[in-house]
Amino acid sequence: MTVVLWDVDGTLVRAGPAGRLAFADAVAAVFGTAIEHDDLPRMAGKTDRQIALEVLSGMGQPDHHLPAVEAAIEAALLARVEQVRTEGIVLPGVRALIDALDAAGVTQTLVTGNIAPNARLKLEAVGLHPGALRLELGAYGSDDGDRDNLVPIALARCRAAGVAASPGNAWVVGDTPRDLACARAAGVRCLLVAGTFPLEELATLGPDAVVPDFTDTAGVRTLLAG
């Protein structure tokens, strides 16, 4: 049995600007200080906790504000859920590939930098949840701020639920060098999809596979599930 650990943003979906704007909203809610979303750090591949700590550092605020900021990020994205529904998209080939992997008996969940409620919200907003993705088995930025620690958390949750999960039968599927790094840290294979980074740049990093998108349903299913 194969276990596929999906990233969310840039891999399954593009949620539009709502996610980045929610960080600015959260800072304003906690500190009463407006921050331009263009002044926020680059977010691709990072955990929400890592981004929040970078924001706090940039503002000269101590780390003990982190729980308040994380709670505010959840509330802020929930307040923008209609924006995600309107502007968010499922990336090409994703729906068909999820269905094909499900039909092949693959267990699919998430390894994402999003805090768990926001990952769920984004997928629900674009119609990917409920569905084949078993979100309760995933690992999130709210579990650990270091993305390299998330794959073992997800595999342990799979095993606790009776899924035969190990580094040898798992794939991380993502779109950034940080997805590859977390896969390598856990000793699992990695498929990267172009979009956030160019195909050629991702290929030079040495992932197990790289694709321009997921529109070759049969080919990617065979790669991941045999």
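Summary of computed values
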item	result
Dipole-positive endmost among Ala104, Val8, Ala79 within the chain (Cβ charges, Cα centre)	Ala104
The chain - charge dipole about Cα centre, Lys and Arg +1 at Cβ, Asp and Glu -1, debye rounded to 20	560
Carbon + sulfur, % of accessible area of segment 128-226 - ligands and nucleic acids excluded, 1.4 Å	54
Cα-centre dipole for segment 1-112 with unit charges at Cβ (Lys and Arg positive, Asp and Glu negative), debye to 20	180
Between helix 48-59 and the chain: long-axis angle, C-alpha atoms, 0 to 90°, nearest 10	30
1.4 Å probe accessible area per residue over the chain, in Å²	41
Ala28 paired with Asp213, simple spin-label distance in nm, labels 7 Å along Cα-to-beta-carbon	3.4
Distance between modelled label sites at Glu201 and Leu78, nm, 7 Å Cα→Cβ extension	3.6
Inter-probe distance in nm under a simple model that places probes 7 Å from Cα toward Cβ, at Ala160 and Asp102	2.4
Between segment 20-60 and segment 87-128, the Cα center-to-center distance that results, in Å	25
Size of charge dipole - segment 73-171 - debye, nearest 20, with Cβ of Lys, Arg +1 and Asp, Glu -1, no other charges	140
Apportionment of accessible area to carbon and sulfur, segment 36-123, percent (1.4 Å)	51
Mean ellipticity per residue at 222 nm, deg cm²/dmol - from DSSP H runs of n ≥ 4 across the chain, formula -39500 (n - 2.57)	-13500 deg cm²/dmol
Fraction of antiparallel bridges per DSSP, the chain only, in percent to nearest 5	10
Degrees separating the helix 150-160 axis from the principal Cα axis of the chain, which is the longest one	60
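The values are calculated or read from the model by the stated rules, or taken from the named source; none is laboratory data. None of the values given here were measured: they were computed from a predicted structure. Ideal geometry is used to build each Cβ from the backbone, glycine not excepted, and the neighbour counts take in all protein chains shown. Remember, those area values only see protein heavy atoms, side chains included, never the ligands or the DNA or RNA. Shrake-Rupley method; radii C 1.70, N 1.55, O 1.52, S 1.80 Å.
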